[in-house]
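Below is one structure, written out as C-alpha cells; comments come after it.
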Amino acid sequence: LTISNGGTVYDAAGLIGFSVNNNTLLVTGPGSVWSNLNYLDIGAADSAGNSLTISNGGAVYDPGYGGGVIGSIGCSNNLVTVSGNGAIWDILLGLYVGNGGSSNQLVVGTGGTVIAGSVVISLDAYPYYASDNVLQVDGGSLFVTNSLGNGTLVVSAAGGPGSLVLNSGSVTANQLVL
C-alpha cells in the first residue's frame, strides 16, 4: 500500500503483517498521512519481513492508548524507516522495538523524526524472548518525552539484548535506562 500525493488514511488500528510475511506500506510526500486512532503494529502474530517506510514529508500518527510496536510476540525481521525532510512518526504513548520479537529494527534517517512518550528496545513478553532488536539513528532525530516530563528510553533493561545506535543526528530523552 502506498499513501502519497497528500493522500490520507484514518483508521481505528493499523496492522502490517498479521500472520503473513513481507508486507510493505509507504507513506511519502508532504501532506500524506496515516493516522491510527488506537495502535500500530508492524509484524504481528508470528509474522516476519514486514516494513513501513515514512519518507519525504510523509507522516504517521498514533495518538491512542496502544502506541506502536515493531515486531510483537514471535515476530522477526520487521523494519520501520523514517527519513527525508519532514518525515515523522509521532506516537503519543509507547513505542516497542521488539515486544517479544527478535531482529526488528527502527531506522531514523536524515531529515526524519520520531517522537514517542516512551521507547523500549527488546522487551520480553513471556514466554517469548526478545533479542537483537535495534533502534538506529542515522542523521535523524529521536525525541522520547511526554507531558509529564518522564519519557523513558529503555535499552535492553526489560528483556534480551537490544541496541541503540547513534551514527549521527540526535537522541533526546527525559530518562535513559540501560
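Some observations on this one:
- The criterion of being open to solvent by 10 Å² or more (accessible area, probe 1.4 Å), part of a loop (DSSP other than H, G, I, E, B), hydrophobic (A, V, I, L, M, F, W, C) and more than 13 Å from Ser51 (Cα to Cα) holds for Ile73.
- Residue check for Ala48: modelled with pLDDT of 95 or more, buried (at least 17 other Cβ atoms within 10 Å of the Cβ), within 18 Å of Val97 (Cβ to Cβ) and not charged (D, E, K, R): yes
- Residue match in the stretch 20-40 (condition: farther than 25 Å from Gly111 by Cα and not in a loop (DSSP other than H, G, I, E, B)): no
- Among the residues of the stretch 1-45, those identified as among the aromatic types (Phe, Trp, Tyr) and open to solvent by 50 Å² or more (accessible area, probe 1.4 Å) are Tyr10, Phe18, Tyr39.
- The set of residues in the stretch 91-131 being open to solvent by 50 Å² or more (accessible area, probe 1.4 Å), assigned to a loop (DSSP other than H, G, I, E, B) and either touching a Phe, Trp or Tyr at 6+ places or on another chain (Cβ under 8 Å) or within 20 Å of Val171 (Cβ to Cβ) (or both) consists of Thr110 alone.
- Per-region count, the stretch 144-159, residues buried (at least 18 other Cβ atoms within 10 Å of the Cβ) and either under 16 Å from Val114 (Cα atoms) or over 18 Å from the mean Cα position of the chain (by Cα) (or both): 6
- Residue check, Leu148 closer than 21 Å to Leu92 by Cβ, part of a strand (DSSP E or B) and without any contact (Cβ under 8 Å) to a residue 40 or more places away in the chain: no
- Restricting attention to the stretch 51-63, the residues that are open to solvent by less than 10 Å² (accessible area, probe 1.4 Å) and over 11 Å from the mean Cα position of the chain (by Cα) add up to 2.
The values are calculated or read from the model by the stated rules, or taken from the named source; none is laboratory data. Since we're looking at a predicted model, the values are computed, not measured. Positions of Cβ are backbone-derived with ideal geometry, glycine not excepted, and every protein chain shown enters the neighbour counts. We work out accessible area using only protein heavy atoms, side chains counted, and drop any ligands, DNA or RNA first. Shrake-Rupley method; radii C 1.70, N 1.55, O 1.52, S 1.80 Å.
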